[in-house]
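The values are calculated or read from the model by the stated rules, or taken from the named source; none is laboratory data. Quick caveat, the model's predicted, so the values are computed rather than measured. A quick note on method: Cβ atoms are made from the backbone with ideal geometry, for glycine too, and the neighbour counts reach across all protein chains shown. Protein only, heavy atoms only, side chains kept; ligands, DNA and RNA dropped before computing areas. Shrake-Rupley method; radii C 1.70, N 1.55, O 1.52, S 1.80 Å.
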Amino acid sequence: MAEPPGGEAQPRQGVHGGEIGVHEPAELANDIGGRRSFEHGAQPGDLVRGGPGGKGQYERLTGVHTKETPATGGTHRTPRVRAMTRDPVSPVELVIFDCDGVLVDSERIYCRVDREVFASLGAEFTETEIVEQFVGSSSEVLTAILEERLGRSLEPDWHQAYRPLYDRALDAELTVVEGVTDALDALDVPFCLASNGSHATIRRNLTRTGLLDRFEGRMFSARDVARGKPAPDLFLHAAAVMGVAPERCAVVEDSPYGVTAARAAGMRAFGYCGGLTPADRLMGARTLVFDDMRELPKLLGEPLA
């Protein structure tokens, strides 16, 4: 989830430096949407959940063909599959979770309020456009797309007037993603959180859902590094502070921005498609796509290469 433009302090440290758990001023931490995605199709070697083998089966793709997808004007990849082979994999020693859409079910709320806010500014977006262009993006990307649609620039603090709309909706509706507490209880390795959102926003949403104690002292924000997702900096920073080699880390993400960052960091990516992002937009090398958080602990040993 992204940050609003002009509302946060500049990054304070590089990829391997600095402290964690730094709190941002609440009044500067207004997140408004901030999701963006890339076009991704299934590729040979991808793992996909729920293919012809049925729900709960994981199969490695051997080829794809394409067809037009009217919503995006691009291509949709439909896989042909075979049973996957089980190659030896190094054990996972750290699980890194994204926050919005992975731990807390906030993306649906943000997308709905985004559409209302953008319309009030004079920019109409469909729900599909908002999901495809904003899920996983930074606030800078969000503002740039919005200004392009409007044909004019916005004031640096344009989002502040709309913050109460998001806060009211989150206070009333925000819940934990289904199955997350079961997954956290079942994990037998350390875990942490790494989000494009600010520390203040992360803490606020975890507090709303009762998850804060589970991640206290192990929360990392894009404000801690030079570049947020889809660059690998944030995940590399989290791994370095936690003392785990990147190749022994597993990243759980729900956006193309996030899985792209995980791959770039040399980590295993687990793409959660139980929210707004379709499975085919999460597929790629060293990535397993799944839709039930309760299954995550047992999936960590699946071969992804």
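Worth a mention:
- The slack between residue 186 and residue 285, meaning 0.36 nm per residue of separation minus the straight C-alpha distance, is 33.0 nm.
- In Hz, Karplus ³J(HN,Hα) per residue of the range 153-161 (6.51, -1.76, 1.60; θ = phi - 60°; x = Gly, Pro): 8, 10, 5, x, 9, 4, 6, 4, 5
- Amide hydrogen neighbours beyond the local backbone of residue 220, cut-off 5 Å, H modeled: 193, 194, 195
- Förster-model FRET efficiency, 22 Å R0, residue 149 and residue 226, C-beta, rounded to 0.05: 0.15
- Alpha-carbon centroid distance for the pair the range 233-258 / the range 111-160, whole angstrom: 28
- Relative contact order (%) - criterion: Cα under 8 Å, at least six apart; region: the range 134-217: 31
- Amide hydrogen neighbours beyond the local backbone of residue 94, cut-off 5 Å, H modeled: 250
- Two-site FRET efficiency, residue 214 against residue 161, from Cβ-Cβ distance with R₀ of 25 Å, rounded to 0.05: 0.15
- Accessible area per residue was computed with a 1.4 Å probe on protein heavy atoms; residue 162 scores about 50 Å².
- Segment residue 240-residue 108, extension gain: residue separation times 0.36 nm, minus the distance between their alpha carbons: 44.3 nm
- The range 150-305 - percent relative contact order, Cα under 8 Å, separation 6 or more: 18
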